[in-house]
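The values are calculated or read from the model by the stated rules, or taken from the named source; none is laboratory data. A quick note: this is a predicted structure, and the numbers were derived from the prediction, not measured. Every residue, glycine as well, gets a Cβ built from its backbone with ideal geometry; the counts of neighbours run over all protein chains shown.
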Amino acid sequence: MRFTTKDLSKRTWRDFATFFSQVHGCACTLYSFGRHLTLPGKNAAERAELYGPPDRSRKHFPAQEQRRAQEMAAVKELLDQGRFHGILVYADGEPVGWCQYGRVEDLPIDPDDRIEEKMLARDPTSVWRITCFTTRIDYRRQGVASTALAGAVEAIRRRGGGWVEASPLAFAHHDPELPKLRRTFRWRSDEVREHLKDWPEREIPGVGCFKAGLASNRTVDHRGTMSMFERVGFHPVRRDEPASSHQWWAPHDRVLMRMKV
């Protein structure tokens, strides 16, 4: 299938809003603010009192709808300020994919001591970051994210270029048994520990040995995979320690990748 791309702008804002009404996600507010936006209310009961109770029979979830409205308003404000960037991917005129990129000083907007290290740029010479990908479920595994990545690199080049960094998975591994074991015996059970003894690892020349990240036959990590970035010219630098897992029950390694555009 042949995909096309467009930069996010005031002209394509409606397409962005349409796309994120069809997918699960935070509309990329996570990387813009360094944390997920939250609604008033300490728990589900308080939020139901504030926004109305959920009605599962009608798929009506007022708190979720309010949170999505909050995210969209935050993104629109940043877009109007010229501090929010991304690439929309289209199939037959419909938005089916998304990639966020931006300048280091805008990801996140206002860094402070409360923001985790994994939300910040890793290299002081980086000018740009490519942070995340989202694909509509019926278009996954068809090259949408790779198309979006190529579009992001080209958009960065048009905006003056410089060093670009990203932190994708080293590689993905499809293992349908692991989710079943987690549901049956819980994440930190002896059964899960035994299964993970044979979890795949791969040597990246000059960088080190990396553990796979779990993927399904339809989905993969929202930051993409190393192979995607290699195809457009990125090179692995080192293990991204802040974003890699140090927990035996949730293995995955991310690799810091860079490219000068």
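A few points about this structure:
- When region 61-93 is filtered for residues that are under 23 Å from Arg2 (Cβ atoms) and either free of Cβ contacts under 8 Å to residues at least 12 places away in the same chain or outside the structural domain of Val127 (by TED's automatic domain parsing) (or both), the ones remaining, listed by number, are Asp92, Gly93.
- Candidate set from region 60-102 (those that are out of contact with any Gly (no Cβ under 9 Å at 6 or more places or on another chain) and in a strand (DSSP E or B)); member that is surrounded by the fewest Cβ atoms within 10 Å (Cβ to Cβ): Glu94
- Selection from region 106-153 of residues that are in contact with a Pro (Cβ under 7 Å, 6 or more places away or on another chain) and not in a loop (DSSP other than H, G, I, E, B): Glu117, Lys118, Met119
- Note on region 211-234: residues that are of a type in the set (Lys, Arg), over 17 Å from the mean Cα position of the chain (by Cα) and under 25 Å from Val192 (Cα atoms) total 1.
- Checking each residue in region 7-59 for being of a type outside the set (Val, Ile, Thr), touching a strand residue (DSSP E or B) at 6+ places or on another chain (Cβ under 8 Å) and either surrounded by fewer than 15 Cβ atoms within 10 Å (Cβ to Cβ) or outside any helix (DSSP H, G or I) (or both) picks out Asp7, Leu8, Gly25, Cys28, Pro54.
- Cβ separations smaller than 8 Å between residues 6+ apart or across chains give the following pairs from region 27-42 residues that are assigned by TED's automatic domain parsing to the domain that holds Arg103 to residues that are among the aromatic types (Phe, Trp, Tyr) and assigned to a loop (DSSP other than H, G, I, E, B): Cys28/Phe84; Ser32/Phe84.
- Residues satisfying the stated conditions in region 226-254, i.e. in contact with a strand residue (DSSP E or B) (Cβ under 7 Å, 6 or more places away or on another chain), outside any strand (DSSP E or B) and free of Cβ contacts under 8 Å to residues at least 40 places away in the same chain: Ser244
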